[in-house]
Amino acid sequence: MNHSLQFNWVYPDYVVFPSLVAVGGITMWSIEAFKLGRARERYGIKAPAVTGDAEFEKVVHRYSNLTEGLGNAVIPSTFMFSYFISPKWSLILGSSWLISKLVSCCSYCCKKEKDNECLKSTHLIVSHASQFLLLGGAGLGVIVSLINRCKLLHGK
């Protein structure tokens, strides 16, 4: 009996491409969670408090924004967009959201967020456009699928 682990599987693009976005996003989220823990130690803020120092509050804000967008919208809609619309475009839109969040996090880390309003505006436009396109495409895919299902069931 062979107990070795086999790595000879190939999954379809509609699974692999959004999984890349999910792994990238969860990795970024994990790094931000680690930074939040370090900031708590550095500024002496005990959990569950989220206020007390301006620099600490920036870390909390960055972490909260990433958490809200990633878990509630980007990962699920990336998978649905990939399945219903296009795996390649789900990867492009999901990656653009991640890159815009990475740029935003870096501007906070470098304490340059107030010095570069253009960068902040670009980040907001790219991240929101990516998120809404993913969500809109996923919703469209579900609606079209339901319409086609009704047509099939009712013989039209």
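Some notes on this structure:
- Panel order for SER100, SER130, by other beta carbons found within 10 Å of each beta carbon, from fewest to most: SER100, SER130.
- In terms of the mean number of neighbouring beta-carbon atoms within 10 Å, the peptides 45-53, 119-127, 138-146 order highest first as 119-127, 138-146, 45-53.
- Listed values for segment 30-36 are Karplus-derived 3J(HN,Hα) couplings in whole Hz (6.51 cos²θ - 1.76 cosθ + 1.60, θ = phi - 60°), namely 5, 5, 5, 5, 4, 4, 5, and x replaces Gly and Pro.
- Folded to 0 to 90 degrees: helix 75-84 orientation relative to the chain principal axis, Cα: 20 degrees
- For the chain, the relative contact order comes to 27 percent (Cα pairs under 8 Å, sequence separation of at least 6).
- Ranked by the mean number of other Cβ atoms within 10 Å of their residues, highest first, the peptides 29-35, 17-23 fall in the order 17-23, 29-35.
- Counted by neighbouring Cβ atoms within 10 Å, the residues HIS3, HIS128 run from fewest to most as HIS3, HIS128.
- Between helix 54-69 and the chain: long-axis angle, C-alpha atoms, 0 to 90°, nearest 10: 0 degrees
- Helix 87-109 vs. the chain, principal-axis angle (Cα, 0 to 90°, nearest 10): 0 degrees
- Once the Cα gyration tensor of segment 13-153 is diagonalised, semi-axes √(5λ) in Å: 34, 16, 12
Read-outs throughout are calculated quantities, based only on the coordinates presented, and are distinct from any laboratory measurement. Keep in mind the model is a prediction, meaning the values are calculated, not measured. All Cβ positions, even for glycine, are placed from backbone atoms using ideal geometry, and neighbour counts span all protein chains on display.
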